[in-house]
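The values are calculated or read from the model by the stated rules, or taken from the named source; none is laboratory data. Note that the coordinates shown come from a computational prediction; the quantities given were computed from them, not determined experimentally. Using ideal geometry, Cβ is built from the backbone for each residue, glycine included, and neighbour counts are taken over all protein chains shown. Areas reflect the complete protein model, heavy atoms only, side chains present, ligands, DNA and RNA absent. Shrake-Rupley method; radii C 1.70, N 1.55, O 1.52, S 1.80 Å.
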Amino acid sequence: MSDLRDPAPYDALLLLSFGGPEGPDDVVPFLANVTRGRGIPEERLKEVGKHYFLFGGVSPINAQNRALLEVLRKDFTEHGLDLPVYWGNRNWAPYLTDTLREMIADGHRRIAVLATSAYASYSGCRQYRENLAESLAALEAEGLRVPRVDKLRHYFNHPGFVRPMVDGVLASLADLPEDVRTGAHLAFTTHSIPISAADTSGPVEEHGDGGAYVAEHLDVARLIIDAVREETGVEYPWQLVYQSRSGAPHIPWLEPDICDHLEALHDEGVPAVVVAPIGFVSDHMEVLYDLDTEATAKAAELGLPVRRSATVGADPRFAAAVRELVLERAATEQGRAAQRCALGALGPGHDLCPVGCCPARALKPAAAGADSPYA
């Protein structure tokens, strides 16, 4: 095997995701897993889960991950990358601990981890690392020899992640009626998080004023706008907006909300909107419900033409990007120079999360970082 296709020291890739229910009976137990430790009563969980019940209790995220898993395996095989790919979730089957146990039984000792979250934040990075540490501790307590796990860097600005989103926006613009197309606005959406969490996202030197979380999303939005301008000749107005807020109403979260934004654009006389969910890897429930259901209903109420562009999902270009990220990290671990692909102003991110990066709500061990107990 050529050095350029040598994944050593890695002997497996773990696709690590959030998980979701796959039937009505799964919804409340799934939400109990998500909110574990917060003391939320079952009746409240049923209320929170009402949007899942609208879709038969099935979140699309697991099907999306199965599709991505197959595309990754196909890409690796076609490019001579001898690396098995496994899948584990934080909150539903297949559970992370069970998948790691299976990987240990299969003899894997050094595992690269791809989280289905492209940006820096506590919930999008550090919490995944805490889950990894928790699972490793549980397996160690079973007497197993735990592997080393290394989380791949954030890929929000990798060409293989950005270009599919550009194409999605272009397709949505083309689908608008011609008489409103050139006057359309672009609304780039991502998950709202508490302002305090945004301000402390990323390394310590990037904290403040939205932190790395907001900066990374803005960088991607500008990349997409620039590409759309180059291909259409139109400079579309745009804004980064937020969705899927939860939690206590007295705690400040990132704004504006997508539905409020649609109302404001309508009041300004904007003729059409393309909503681009750049903060999400796939069309999971928060895209399906918060955008395709709630925001679409708001737009219909306003009489505002809206198109929602596609997420990256299982696009083969994203699978190729994952392969490149694995080989890039492998080369670094081997002591070789690595080509680190990144677009935009921010450049490629760090391989190892530094101390103080996306700090925890409460002190918990986190794997795959500078403060990892499993180095």
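A few notes on this one:
- Criterion: open to solvent by 30 Å² or more (accessible area, probe 1.4 Å), over 18 Å from the mean Cα position of the chain (by Cα), closer than 30 Å to PHE76 by Cβ and modelled with pLDDT under 95 - qualifying residue of GLN339, GLN334: GLN339
- Extreme residue, least open to solvent (accessible area, probe 1.4 Å), among residues of segment 245-272 that are under 17 Å from GLY210 (Cβ atoms) and modelled with pLDDT under 95: ILE251
- Residues that are closer than 18 Å to TYR10 by Cα and either touching a Ser or Thr at 6+ places or on another chain (Cβ under 6 Å) or not basic (Lys, Arg) (or both) are absent from segment 53-67 altogether.
- Inter-residue pairs, beta-carbon under 8 Å, first within 30 Å of ARG323 (Cα to Cα) and in segment 15-39, second open to solvent by 70 Å² or more (accessible area, probe 1.4 Å) and not β-branched (Val, Ile, Thr), 6+ apart: GLY19/TYR95
- Each residue in segment 109-126 was checked for being among the aromatic types (Phe, Trp, Tyr) and open to solvent by 10 Å² or more (accessible area, probe 1.4 Å), and 1 of them qualify.
- Members of segment 273-288 found to be open to solvent by less than 30 Å² (accessible area, probe 1.4 Å) and of a type in the set (A, V, I, L, M), listed by number: VAL273, VAL274, VAL275, ALA276, ILE278, VAL281, MET285, VAL287
- The residues in segment 140-160 that are in contact with a helix residue (DSSP H, G or I) (Cβ under 6 Å, 6 or more places away or on another chain) and either assigned to a helix (DSSP H, G or I) or closer than 21 Å to ASP11 by Cβ (or both) can be counted, and the count is 5.
- Counted residues, segment 194-244 - those being open to solvent by less than 60 Å² (accessible area, probe 1.4 Å), charged (D, E, K, R) and closer than 23 Å to GLN127 by Cα: 2
- Output for segment 92-108, where each listed residue is open to solvent by 80 Å² or more (accessible area, probe 1.4 Å) and either part of a loop (DSSP other than H, G, I, E, B) or among the β-branched types (Val, Ile, Thr) (or both): ASP106
- So ARG323, is it open to solvent by 60 Å² or more (accessible area, probe 1.4 Å), modelled with pLDDT of 95 or more, at negative phi and of a type in the set (Lys, Arg): no
- If the condition is being touching a Lys or Arg at 6+ places or on another chain (Cβ under 8 Å) and either within 16 Å of PRO60 (Cα to Cα) or of a type in the set (S, T, N, Q) (or both), then segment 74-100 contributes only TRP87.
- In the set (1) under 23 Å from ASP351 (Cα atoms); (2) under 21 Å from the mean Cα position of the chain (by Cα), PHE76 fails one condition alone, (2).
- Hits in segment 48-61 - residues which are surrounded by fewer than 18 Cβ atoms within 10 Å (Cβ to Cβ), among the hydrophobic types (A, V, I, L, M, F, W, C) and at pLDDT 90 or above: PHE53, LEU54, PHE55
- Restricting attention to segment 289-319 and to residues that are aliphatic (A, V, I, L, M) and open to solvent by 20 Å² or more (accessible area, probe 1.4 Å), the residue that is farthest from ALA112 (Cα to Cα) turns out to be LEU302.
- Per the listing LEU81, LEU72, LEU45, the residue uniquely touching a Leu at 6+ places or on another chain (Cβ under 9 Å), under 17 Å from VAL34 (Cα atoms) and either open to solvent by less than 60 Å² (accessible area, probe 1.4 Å) or not hydrophobic (A, V, I, L, M, F, W, C) (or both) is LEU45.
- Subset of segment 228-244 (residues that are outside any strand (DSSP E or B), at pLDDT 95 or above and not aromatic (Phe, Trp, Tyr)): VAL228, ARG229, GLU230, GLU231, THR232, GLY233, VAL234, GLU235, PRO237
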